[in-house]
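Taking it in order: structure first as structure tokens, then the write-up.
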Amino acid sequence: MSVAAWICLLAPLAGAFAITLLGDLVPRRVAGLVATASVAASFAAAVFMFVTVLGLDGEERQRLTTAWNWLSVGDLDVGLSLLVDPLSVMMALIVAGVGSLIVAYSIGYMAGDDEERRFFAYMALFVFSMLLLVLAGNFLILLAGWGLVGLSSYLLIGFHHERPSAIAAAKKAFIMNAVGDAAMALAFFLLVYETGTLDYLTAFERVDGLSSTVVNLVALGLLGGAVAKSAQIPLHTWLPDAMEGPTPVSALIHAATMVTAGVYLIVRAHPLFEAAPSVQDLAAGLGAVTIVVAGLIALVQTDIKRVIAYSTMSQIGYMFLAAGIGAYANGMFHLMTHAFFKALLFLAAGVVIHALVNEQDMRKMGGLRRLMPRTWIAMLIGGLALVGMPPLSGFFSKDSILASALATGDGYGYVLFAAGLLGAFLTGVYTFRLLFLVFGGEPSGFVREHLHTEHGEGPRWMTAPVAALAVLAVVGGGVQVAGIWHPLADFLDSIVAVDRESLALVEPTVTQDWVTSILAVGAGLLGIGVAWLIYGARRVAAPRMAALRNPLERKLYFDELYQAVFYYPAVGIARGWTRFVEGPLIGGSISGVASATRELGRGVGHAQTGYLRTYALAIAAGLAVLAMVFVSVR
Amino acid sequence: MNGPDVTWYLAVASILFATGALGVLLRRSPLIVLLSLEIMLNGANLALIAFARQQGDLDGQIFALAVMAVAASEVVVGLGLIVAMARRRLVLDVDELTTLRG
Amino acid sequence: MLTTALILVPLAGALVVWLLPWSRFAAGSIALLVSLVEVGLWITALAGFDFGESGLQDSARASWFSDLEVSYHVGLYGFSLWLVGLTVVAMAAAIGYGLWAERERARTYFGLMLFLTGAVVGVFTAQDLLLFYAFFEGMLIPLYALIGVWGGRGRQAATIKFVIYTVAGSLLMLVSIIVFGLSQGTFDLVDSGTSDSPWLFLGFAVAFAIKAPLFPLHGWLPDAYRESPPEVAAVLSGVVSKAAVYGLLRIAIAKFPEPADDFRLTILVLAAVGLVYGSFLAFRAPDVRGVIAYSSLAQMGLITLGLFAGNSSGLNGAVLQSVVHGLVSTTLFLLAGGIERRASTGELASLGGLAKGRPLLATMLMTVGVIALAVPGSAAFAGEFLILAGVFDQGWVWAVIGAVAIVLAAMYVLRLISAVLHEREGSAVPSEALDLRPAELGLLVPLVACLLALSAWPAAVTDRAFSDGDVRTLQAVQRGEEDGSAFLAALRDGDGWAEYAPIEEDAP
């Protein structure tokens, strides 16, 4: 199993190296094939690990494998270790599985691009980084994976580096993630100082002995990193801009994997969070806020990818909510189903964009229903799954989260539940707004002019993964049906690192499940209905509501806020210091020394009068002094 | 030993030396400065010989001879410089010759 | 014997290059060959080094002035072995660059470079204070000539500033050396004891603070780095600055434990200020060299934080970060040189779009850039983590400042990368500018390979900088059983400190 873990991790890295070293020597297509093959190999290894883990039970289900000692911090040795347990295996399956589908899709999407090879190298590097993150056996290796994921994201968002907007978006993403990295690093320093270890298992054992301030600070630092990586409010502004990257990048990184890393972290470090309940509540709260705010902003977006991006933010809010209330398995379940249908949505949107010669503005689209029927079906499935319509996967996962919120029993839980329901309604509205705008009505002028579907809706490399994901989006929910069977929850139970039987902190009753499902489906249908009224049948005009719409269109002014608070002051400080500190320091000190020396020289120079008699007098006087000294000393 | 006491010789030597020193410090013409320098040297020579006579040691007289040789060479150089200055029509006034002023 | 060879081979090579009438290419090739032989010698030393054993290894001693107890005494510790390794590798790369760049007056140039190599290795291995001083000053002469003759337009002013600053510091150090040596009765570092005089400590500390440089004594830095030829800037920033690190560790901290403790807070403050200040200034520097120069200032502040953290984590981090930063700085300056050759300028406003059609250059700059900004997983991150974890002991404030610096580093490195590589082709970039040539690759790839290897296995350096005995002592320090001076006493005792036994009985 250890070998499988290393193969799973290193296959994509080997792929990336191979593509980089081979460079121009191989045709572009080969680069894509190498990348896909390496990620597929990773998936195969992950499946192997999964099967092996299934065969074991309880305590046996975790295996730590260390390659060598990576770093020693005082007494503490941090090894390059991988942990194979149900949680990491599940994440590895999702990352490698969905990843291989998306990389395969990219072969079609990126065909013809000059820099195709670079793209696939970066994608393989990304998969490696993400696997390092999820398979890590201690916090430092996790942080290494965390940082490398951020790096890969930067490289991929800024792939079209001639575009200033892409570069700006890439930098923004990296720097916001760096803020999260710094917060996590601080948490780790504190952890090392207080517990002397960064290994998961040992650290969790020692959590009890820590003071509540320390645990809260550590958990807060981890939450900071998670919020930055998962683009939750308030560190969310990088995600919509990240849509500058090619669509497969958005699908892989900004839907299925990287942005879910924050959720993974909270689940992985759940003993820490459970020891800091206020931080855990904060996580749930931030999730709830993000669900609603992101949903609202999605309503006014005109770019097809940005709608899906905000939708991602919103859905991850659900996962944070789940992790925040202790419904870890439900959160992971939604992570999985979301990976399926969100990737599906992005990839299908990519098919549309590809067919419309890279146009992403929904206002120019319309009527694609008949012109691209297969894509329409795919997006419809994805959209329904997203809204949570039974019997698609999203229904099972999202409702399990909402039911858990209801099951917490306290006022806070009810507030979270309400937020989740509101989110379901908003999801219905924005999702079907998208579907109606793009696929509904009559083909727009732009579409008639530019749509090229002579060779089918898209190359085989693109349509096949879309189909696969559509299937997964439909059946994926079968893994866990509330109240009836829950193999996923059982599978994950063994990762619980504190003394209790089941991982989840809350278990909804059957009644709560039913109530939740009815309410959630109802909210979703209501949203779909509203969307149909406004965008489908065009019976009602979209309300103007400038007071609400303008802030939403400006994304609640977060960008402006961050510019004002961080960027401009940084530039100002740098400029100020350069002028007022560095200038005088460099120039001033030296010219000070120079002028002092010159003055001293000038002062001493007064003794050189040029007159013979002065010199003669000096000689005489000096001699006299010497003689007197000589005589007196003797 | 007959003749005046060493003291008288020393007195004459110091008068010579002082006269010469004053001349070096106070006179303006380089030629006169050079002359005064010679007087100083002669004063010193006299003192040397007087002491040599008193000690009965010939070292002082040898030293005085050496001084005379050096004085002669130095006068040659000095006079040469003065002639060179005169030839270039420089003012023969040490107060005016201050090119080396710092 | 090996240590003496490490010092003498480049010096002998310098003489050979100077004295005999070689052509430009021959002189350069010989110099490169000598530097590669030097690398080979170092690898031999590495292979033969026993990291478990404490004390000086590969040492040689010969009496010089016996009445003052001054001797030629050289040897290697774990951490100095790594610093010597950095030196020989970086100098080899720099000499290679000089050969490729076809420097004028080749014999003088290569002779000076080899002489510099010998002098720096001497600094890292000297165990006698006067010998140390001789090599320390010996570094200055070739640098002065290299910058003053082969430098850029403002080289005169830059050299003068550089020399004045350095010599001022060295004079202070000389006074301290003399007083210390006379009071101890010997000038030997291994034999002499410690002193608690704050003035002597300051004499050394100020000299090293100027060399590093440490804020606010960095006035010579921007001009020197801008006006030097690229490979000399690489050596200045990558190698010569580490002489200051070595000096602080081996002399200032080890010989003056109490004053080091007394001044700890001041130095930590200055180091932290330098870290933040350098990062901010790098963020707005208008040219490539400016960014690298101020980033160097910041990194030296970080390393100093580690040195004065007072525990093994900080010290190991400082050693690792010294090696990593040395390699990174060398690579960055060599790349900057390549960029300046192609675009005739280093001004960021005129650059841009170099990534298009030049994948090797882009990959190289990106790789080094992300290592420079200490992306988690890189060797620089390992060093930074160790340092900040170590300095956390002194107070959480330092770690927070360090965390802020992490974000700032991301900002200035990404700005540099984008300004050079991305967006539209800059006004100074000729579209026919070539990608990295094989010669350039030959220089840069080994450096980057070392960095990647260290990123995969940073413990190679950190586990082997201070021997087990040191570590046991340090563990006792951290357990509170000893105070900080114990470790440094162990360093001080050198050969004889196997007798330093107190914790041997309850060693874990």
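What follows is calculated from the coordinates using simple rules that are stated; it is not laboratory data. Quick caveat, the model's predicted, so the values are computed rather than measured. In this analysis, Cβ positions are derived from the backbone assuming ideal geometry, glycine residues included, and neighbour counts consider all displayed protein chains.
One table, with the values for the structure above:
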item	result
Average partner coverage of A:136-147, which counts Cβ from other chains inside 10 Å	3
Vicinal HN-Hα couplings computed from phi for the range B:73-82 (Karplus, 6.51 cos²θ - 1.76 cosθ + 1.60; Hz; Gly/Pro x)	5, 5, 5, 4, 4, x, 5, x, 4, 5
Computed E for C:Val175/A:Asp114 - FRET, C-beta separation, R0 45 angstrom, nearest 0.05	0.10
Nearby lysines by direct alpha-carbon distance to A:Lys364 (threshold 27 angstrom, same-chain neighbours under 8 apart not counted)	A:Lys305, A:Lys342, A:Lys555
Summed residue charge, Cβ within 14 Å of A:Ala173's Cβ, Lys/Arg positive, Asp/Glu negative	-1
Loop-resident sites, the range A:142-235, for GluC sites (Glu not before Pro), counting at most 15 other Cβ within 10 Å (DSSP)	A:Glu162
Using θ = phi - 60° and Karplus 6.51 cos²θ - 1.76 cosθ + 1.60, couplings along the range B:54-62 (whole Hz; Gly, Pro as x)	5, 6, x, 9, 7, 4, x, 5, 4
Cleavage-rule hits, GluC sites (Glu not before Pro), the range B:13-102, DSSP coil, Cβ neighbours within 10 Å at most 16	B:Glu96
Backbone N under 19 Å from the C:Val149 label point (7 Å along Cα→Cβ), restricted to the range C:205-234	C:227-234
Estimated 222 nm signal from helices in chain A, with DSSP H stretches of n ≥ 4 weighted -39500 (n - 2.57), rounded to 500	-23000 deg cm²/dmol
Nearby lysines by direct alpha-carbon distance to C:Lys161 (threshold 23 angstrom, same-chain neighbours under 8 apart not counted)	C:Lys211, C:Lys242
Separation in nanometres of the label points that stand 7 Å from Cα toward Cβ, at A:Asp410 and B:Asp57	11.1 nm
Under DSSP loop assignment and at most 12 Cβ neighbours within 10 Å, longest GluC sites (Glu not before Pro)-free interval of chain C	C:105-431
Highest-first arrangement of A:131-137, B:11-17, where packing means the average Cβ count within 10 Å	A:131-137, B:11-17
Chain B, Rg to Rh (Cα coordinates; Rh as Kirkwood inverse mean 1/r)	1.11
Compactness of the range C:1-261, expressed as Rg and Dmax over alpha-carbon positions, Å	18.0, 55
FRET efficiency, A:Arg579 to B:Leu100 (Cβ-Cβ, R0 56 Å, nearest 0.05)	0.80
Furthest towards positive pole of dipole, C:Ala453, C:Ile30, B:Leu100, structure part the protein assembly as shown, Cβ charges	B:Leu100
Sorted peptide list for C:296-307, A:467-478, criterion being average Cβ within 10 angstrom, highest first	C:296-307, A:467-478
Reciprocal mean inverse distance between Cα atoms of chain A - Kirkwood radius, Å	26.5 Å
Virtual spin-label span in nm between A:Ala624 and A:Ser595, 7 Å along Cα→Cβ	4.0 nm
Rounded to whole Å, sorted largest first: equivalent-ellipsoid semi-axes of the protein assembly as shown, Cα gyration tensor	76, 33, 27
Peptide B:90-99, shielding by other chains (average Cβ, 10 Å cutoff)	2
Net charge over other residues, Cβ less than 14 angstrom from the Cβ of C:His218 (K, R count +1; D, E count -1)	+1
Summed side-chain charge close to A:Ala4 - residues other than A:Ala4 whose Cβ falls under 15 Å, Lys, Arg +1, Asp, Glu -1	+1
Separation of the B:Ala72 and A:Ala67 label points, Cα + 7 Å toward Cβ, nm	9.6 nm
Extension gain, C:Leu20 back to C:Leu452 (0.36 nm per residue minus Cα-Cα distance, nm)	151.5 nm
Radius of gyration and maximum dimension Dmax of the range C:263-464, Cα, Å	17.1, 55
Computed FRET value (nearest 0.05) for A:Ala467 with A:Val30, which takes r as the C-beta separation and R₀ as 30 Å	0.75
For chain C, the longest site-free run once trypsin sites (Lys or Arg not before Pro) in DSSP loop states with at most 16 other Cβ atoms within 10 Å are removed	C:154-423
Residues whose placed amide H lies under 5 Å from that of A:Ala136, excluding near-sequence neighbours	A:Leu83
Extension gain (nm, one decimal) between A:Val496 and A:Gln563, 0.36 nm per residue minus Cα-Cα	20.0 nm
Extended-chain gain in nm, criterion 0.36 nm per residue less alpha-carbon gap, C:Ser427 and C:Asp196	77.3 nm
Shielding by partners - mean other protein chain Cβ count within 10 Å, residues of C:393-405	3
The range C:1-135, relative contact order in percent, only Cα pairs under 8 angstrom and at least six apart counted	39 percent
The range C:44-72 versus the range C:164-212: alpha-carbon centroid distance in Å	21 Å
Where trypsin sites (Lys or Arg not before Pro) fall in DSSP loop in the range B:6-102, at most 15 other Cβ within 10 Å	B:Arg28, B:Arg88, B:Arg89, B:Arg101
Computed over chain C, Kirkwood Rh from alpha-carbon pairs, angstrom	22.7 Å
